Amino acid sequence: MKKSILFLTLLVSVGVLAQKKVKLEDNSNATNFYFLSGKVGLGSSNPKSMLQVSGGSNNWNESIQGLATGSIHLDPENATNNFGNAITFGASDSGNGENAQAGIYVRSDGTYGTKMYFSTTDAYIAGSKTAMTIDHKGKIGIGTNSPKSKLQVSGGSSNWSESIQGLATGSIHLDPENATNNFGNAITFGASDTGNGENAQAGIYVRSDGSYGTKMYFSTTDAYIAGSKTAMTIDHKGKIGIGTNTPKSKLQISGGSNNWNESIQGLATGSIHLDPENTTNNFGNAITFGASDSGNGENAQAGIYVRSDGAYGTKMYFSTTDAYVTGSKTAMSIDHKGKIGIGTETTGSHRLAVQGSIGAREILVEASGWSDFVFEKKYQLPSLEEVEDHINTKGHLKDIPSAKEVEKNGILLGQMDAKLLQKIEELTLYTIQQEKRIKILESNNQNLEKENKQLHSLSQRLNEIEKLLKTNK
């Protein structure tokens, strides 16, 4: 109470005397308390504002648990509740008068800590509203009184819209340095290590692209010694570039994988790497692509899926959707041994298994062991009698699988073509042999015809001789 009376007395004295040095009731000068031309100075004999406080706090320290005082200290009304104190600022306009205020409030949080509130008033008619808080752990909340992180901003942007050409603002907005160059703004994050100190940073930068658009750069620092390097960019058309500042598609990734190698058993990573959800099941990861049509909307998708095969290997599935109404169906799979299945996941011993037909203009089969050995002199050509006996006994040609064998095991194209060629070449040899026999028969037939003619001529002559003999008698 005495302090309040003294302070009022000082103000009255100041107002009456209007002198530079303030005198107390006992006519002594107040220490470090000055009044000059309507301005009050505490610790300053030449105040430059309505109230100027000079001099630091001689006992403030972060290690003193809430008991250190600053250059200005306001005590709470009492210590029997959680009330604290505040600095408030009044405001007025021509229509409403001085009926609005903003302020900085400090209250106990009920757990031996303090919480600071930064409050403003809306439209001069509603009560003060908290715009920002700082709790006893240093967490800052904007739009929320209970921040869960070092900085939490709650509330969306009321005027942001894709249709507003670059003028809408978000929940957080940083203005550029000036409007006479292409500079923008940035959010940067410092980092340090024991050997280098805090001399490295990463950041999100926004600059004008020089053609009424903006470009966003996500930059990091390499080895704490080189300058920031752009890791990713987003241009004004929404094109994302990773490893390149000039993406030519919606997403362009430049730069290969520096540790990928076929000899590394499944541990090397590529330019894009997706980790599984967890390691307690056989789930993997996927890249999916949505599709839509006028009748069904976007309710169909295709994708590339990778899952563990349960035996320390991976299997890749290429899936599509049928008619937009059923779930994804695996069109092709590749297992950890590189075996490919199209229309089937069961490849057996084959490198490529296809369920269904294959249409091709030309197929090249690389084969060894062709059937030209049939034309070698040492080849023992089976006789036709032997061929006939095998057919009668087995029901198919020798060295050619039966119908039941083909149905069960299929055929190897290269091997089967070689076998068929062998039979064709054998038929060729049979044909050549028959041709030789035919020529011999033809030659023999011609000789017989000559002999027949000669016999016929002799027969005619004998007939004539017989006639002459009969006549002479």
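Only the coordinates and a few stated rules stand behind these numbers; no lab work does. Keep in mind the model is a prediction, meaning the values are calculated, not measured. Glycine gets a Cβ as well: all are built from the backbone with ideal geometry, and neighbour counts include every protein chain shown.
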- [ ] Could you name the lysines whose alpha carbon sits less than 16 Å from that of Lys239, not counting residues in the same chain fewer than 8 places away?
- [x] Lys215, Lys248, Lys250
Task: Dipole of the range 372-457, positive end: most advanced residue of Val406, Ile424, Leu448 [Cβ charges, Cα centre] - done: Leu448
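Pairs of alpha-carbon atoms within less than 8 angstrom and 6+ residues apart define the contacts here; what relative contact order does the range 372-457 have, in percent? Don't skip to the end; give the middle numbers.
Working: 22 pairs, mean separation 23.0, N = 86.
In percent, rounded to a whole number, it is 27.
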TODO: Just tell me which lysines come within less than 30 Å, Cα to Cα, of Lys337; anything on the same chain fewer than 8 places away is out.
DONE: Lys315, Lys329, Lys408
TODO: Any chance you could run the full-extension gain for Arg461 through Thr69? It's 0.36 nm times the residue separation minus the Cα-Cα distance, nm to one decimal.
DONE: 124.7 nm
Open item on the list: If R₀ is 35 angstrom, what is the calculated FRET efficiency for the pair Tyr379 and Ser443, using the beta carbon separation as r and rounding to 0.05?
Closed with: 0.80
Open item on the list: Just to confirm a number: summing +1 for Lys and Arg and -1 for Asp and Glu over residues other than Gly113 whose beta-carbon lies under 12 angstrom from that of Gly113, what do you get?
Closed with: +2
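Determine, from the Cβ-Cβ distance of Phe218 and Asp309 and an R0 of 30 Å, the FRET efficiency 1/(1 + (r/R0)^6), rounded to the nearest 0.05.
With R0 = 30 Å, the Cβ-Cβ based efficiency is 0.25.
Tell me, in nm to one decimal, what length is gained between Ala367 and Ala331 on full extension, where the rule is 0.36 nm per residue of separation less the Cα-Cα distance?
Details: separation 36, 0.36 × 36 = 12.96 nm, distance 2.94 nm.
Length gained, Ala367 through Ala331: 10.0 nm.
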- [ ] For Ala231, list long-range residues whose amide hydrogen, built 1.01 Å from N in the peptide plane, is under 5 Å from its own amide hydrogen.
- [x] Phe218, Ser219, Thr220
Open item on the list: Give me the three principal axis extents of the range 372-457 from the C-alpha atoms, as integers in angstrom, largest value leading.
Closed with: 70, 27, 19
Task: Sequence-distant residues sharing a close amide H with Phe33 (under 5 Å, placed H) - done: Val22, Gly43
TODO: For Lys377, go through the lysines and keep the ones whose alpha-carbon is under 20 Å away, minus same-chain ones fewer than eight residues off.
DONE: Lys419, Lys423, Lys436
